[in-house]
Amino acid sequence: MRTVANIRPSRVAEQMKKEITDILYNELKDPRIGFVTVTGVEVSNDLQHAKVFTSIMGSEEEKARSLQALERAAGFIRSEIGRRIRLRHTPEIVFKLDTSIDHSQRILDVIRELHKEKGEGP
């Protein structure tokens, strides 16, 4: 059950997700940042900290390079968020790699391989 205390952080998180996605696609022109998708944002109850979960396509080296570039751009992104969303204090932003998509893909690959071994469909 959602309480009043939990509604605001979740609303701020959802708005931050939209704005960060817009910033990444339209304003941040860093060639080190590859194909990045913002999969979620978690904001602390006091609105002081935000974890931004990202899925990054590419090799492990490309993922690391993109994540490092995102961390370096965190100040710029935070200032843009502060400009776009009216908050008394803009949360500190930390980028985290969301590996759930990679994990899901690995599971699908294993299932497909098992089906091939049994001589079943794709």
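Here are the numbers for the structure shown:
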{"item": "Counted residues, the stretch 87-122 - those being at pLDDT below 85 and outside any helix (DSSP H, G or I)", "result": "5"}
{"item": "Pick from the stretch 47-63, criterion within 16 Å of Pro31 (Cα to Cα) and within 14 Å of the chain's Cα centre (by Cα), ranking: surrounded by the most Cβ atoms within 10 Å (Cβ to Cβ)", "result": "Ile56"}
{"item": "Residue within the stretch 96-107 that is under 17 Å from Leu28 (Cβ atoms) and surrounded by 15 or more Cβ atoms within 10 Å (Cβ to Cβ) present", "result": "no"}
{"item": "Total residues in the stretch 26-55, condition modelled with pLDDT under 90 and of a type in the set (A, V, I, L, M, F, W, C)", "result": "3"}
{"item": "Matching residues, the stretch 33-84, being part of a helix (DSSP H, G or I) and charged (D, E, K, R)", "result": "Glu60, Glu61, Glu62, Lys63, Arg65, Glu71, Arg72, Arg78, Glu80, Arg83, Arg84"}
{"item": "Test for Gly58: is it at pLDDT 85 or above and over 24 Å from Ile7 (Cα atoms)", "result": "yes"}
{"item": "Residue count, the stretch 18-38 (criterion: buried (at least 18 other Cβ atoms within 10 Å of the Cβ) and touching a strand residue (DSSP E or B) at 6+ places or on another chain (Cβ under 8 Å))", "result": "4"}
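The values are calculated or read from the model by the stated rules, or taken from the named source; none is laboratory data. Values in this document were obtained by computation on a predicted structure and should not be read as measured data. Glycine also receives a Cβ, built like all others from the backbone with ideal geometry; neighbour counts cover every protein chain displayed.
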